[in-house]
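Notes follow once the structure below has been shown.
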């Protein structure tokens, strides 16, 4: 109650500050970030969190400790107090409080911990459930998570070996766990399941981009489902397995996942794709908003964290023809480190546990514990995005200005999908702009129907809805004007009333085409992969550069003579995609931001923007691949830069090219 009073006391001041300033509104005006101070001697790399009924917050860390944090609601109410409850665990990435004990998933087991003598520290460490452990670095274990029916679930990452294997039994699986420690296989096809939980009584999990995984995604798992990564199918013949598919049953043709699922009924399509680099790059936890409005106008929706982008997104699922699908939107950026765990405080605020060691993130802090607190001001957002038989319906958080909605230029719609194949990630494919025929605005100005030709709605595709021209009745632009709807099923709904339709006569989207341009030719000339004619004596210098874990090149500085002929081989020995781009002095960050802004065109351009600041570059390389480029070093001495421009990498993955006389 005390924390609620503090929050209410802060709201009038926040309201006054928001509406008294004639400026564009930002996320800070609606959701404040409060950083909880952590003592200098504690490395709080959070892997799991649990809010206790007495107001304390329990946090497990990747260093193998569990900390009890008293007074974590720091808003002019004193500093929090930290007390170590347990230590010596093996990277626990989950924490479940059960009243008189905790369950934590270590790499090789779920451990039960309890304080039996009431001295504030665990004196009982008991193995609750076990599985084999090979020692592969990617053998993370997530959970346990309690379901509404009382059951628990855990998830085991696939190994990093080769194209992600399964060196130990049930790696790449989700399993149910009962109160006696018995494990029951539930579903497989998982690669790196950082988040899982329940939504409307169904089980969902978040998946990270990688081999066989084109982009981050949210998937509904029923018993016997195959989520797409074949490593776990190695155990499909084991006792208790609810699935009989074998790894060799999965084609690597590169067809869209929706097409492949027609011949493999067990293949479960994602409910919601989170387009890579447009939403996030490495999904983490998921939490349903059950705060009864204490966290704002999104009750009943899902919040999904992203470690690489240090942000939190919003997901709005709906069931159509018995199958889950829906939309995702931006929500809150600018967290201090990699967002990994989220949990609801007793006052309806959100605790956000963060870590980035080895998993580099846009937020530069190595770890952080923060709270998101709603200021009481409703942001102007697309609240719901719903599929219709002739397009989509958007429901807003605030009444719109109807005139802005009736302008054809206010709307842009496109569709695209990805390849389903054994390679790491996928470029955007079959990207198509879709003409909007017209719109209808509801009488209360809270919703809009976007009408398009039914033939342009594509099952299995992601549909991007951009509403950058829409204003609220008060003249505010949308805080996040893009939504991405994953359309698995086209609903059979009534068409929009023609009598209410504002038609966009002649509004036709251009057909996709490839146009050779001088700018494009200039970019291509900056990538030379064959030794140039005239280098009769070969290169003056041969250089090989690779990668290190944590978004790093393995060489931080290269020194060359001005005008020298260089042969440079870039080895991508990492487990994610990278490129190698040489820029003018001081231009690496600007080039990286421009690569991010390429949007849906980024992957086909290898995230190389058309900029004079770029001197030379490789293509975007798959893991365990290489490319050799040839160039003549700049004639002007100075400190140039090299950078990986894959979105989310440029802030950390940089080096210096020092040109000397």
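The values are calculated or read from the model by the stated rules, or taken from the named source; none is laboratory data. These figures come from a predicted structure and were not determined experimentally. All Cβ positions, even for glycine, are placed from backbone atoms using ideal geometry, and neighbour counts span all protein chains on display.
A few points about this structure:
- Some residue of region 272-293 being assigned to a strand (DSSP E or B), more than 25 Å from residue 95 (Cβ to Cβ) and at pLDDT below 95: yes
- Within region 561-585, being modelled with pLDDT of 95 or more, crowded, with 21+ Cβ neighbours inside 10 Å and part of a loop (DSSP other than H, G, I, E, B) holds for 579, 580.
- Lone unmet requirement of (1) assigned to a loop (DSSP other than H, G, I, E, B); (2) crowded, with 16+ Cβ neighbours inside 10 Å; (3) touching a helix residue (DSSP H, G or I) at 6+ places or on another chain (Cβ under 9 Å) for residue 449: (1)
Residues checked against (1) free of Cβ contacts under 8 Å to residues at least 40 places away in the same chain; (2) more than 26 Å from the chain's Cα centre (by Cα):
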site: 35; (1), (2): no, no
site: 42; (1), (2): no, yes
site: 65; (1), (2): yes, yes
site: 119; (1), (2): yes, yes
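- The number of residues in region 601-618 being touching a helix residue (DSSP H, G or I) at 6+ places or on another chain (Cβ under 7 Å) and farther than 10 Å from residue 646 by Cα comes to 5.
- When residue 522 is tested against (1) assigned to a loop (DSSP other than H, G, I, E, B); (2) at negative phi; (3) modelled with pLDDT under 95, just one condition goes unmet, and that condition is (1).
- Restricting 621, 551, 598 to residues that are out of contact with any helix residue (DSSP H, G or I) (no Cβ under 9 Å at 6 or more places or on another chain), without any contact (Cβ under 8 Å) to a residue 24 or more places away in the chain and not assigned by TED's automatic domain parsing to the domain that holds residue 416 narrows the list to 598.
- Residue that is buried (at least 20 other Cβ atoms within 10 Å of the Cβ) and closer than 30 Å to residue 433 by Cα, where the choices are 648, 599, 655: 648
- Residue within region 15-22 that is at pLDDT below 95, at negative phi and part of a loop (DSSP other than H, G, I, E, B) present: yes
- Just one of the numbered conditions (1) at pLDDT 90 or above; (2) touching a strand residue (DSSP E or B) at 6+ places or on another chain (Cβ under 9 Å); (3) under 25 Å from residue 431 (Cα atoms); (4) surrounded by fewer than 17 Cβ atoms within 10 Å (Cβ to Cβ) is not true of residue 636: (3).
- Filter result for residue 172 (more than 20 Å from the chain's Cα centre (by Cα) and farther than 20 Å from residue 58 by Cβ): no
- Residue 327 modelled with pLDDT of 95 or more and closer than 18 Å to residue 206 by Cβ: yes
- 3 or more residues under 17 Å from residue 39 (Cβ atoms): qualifying strands (runs of 3 or more DSSP E) within region 49-106: 57-61, 66-70, 81-86
- Residues located in region 184-211, provided they are modelled with pLDDT under 95 and under 18 Å from residue 245 (Cβ atoms): 211
- Counting the residues of region 91-126 that are loosely packed, with under 15 Cβ neighbours inside 10 Å and under 20 Å from residue 62 (Cβ atoms) gives 1.
- Residues that are assigned to a loop (DSSP other than H, G, I, E, B) and buried (at least 20 other Cβ atoms within 10 Å of the Cβ), drawn from region 403-418: 411
- Scanning region 458-503 for residues that are loosely packed, with under 15 Cβ neighbours inside 10 Å and part of a strand (DSSP E or B) returns a single hit, 503.
- Unique match (being at pLDDT 95 or above and assigned to a loop (DSSP other than H, G, I, E, B)) among 252, 237, 224: 224
- Entirely in region 322-402, the strands (runs of 3 or more DSSP E) that have 2 or more residues that are closer than 24 Å to residue 140 by Cα and touching a strand residue (DSSP E or B) at 6+ places or on another chain (Cβ under 7 Å): 339-344, 350-355, 367-374
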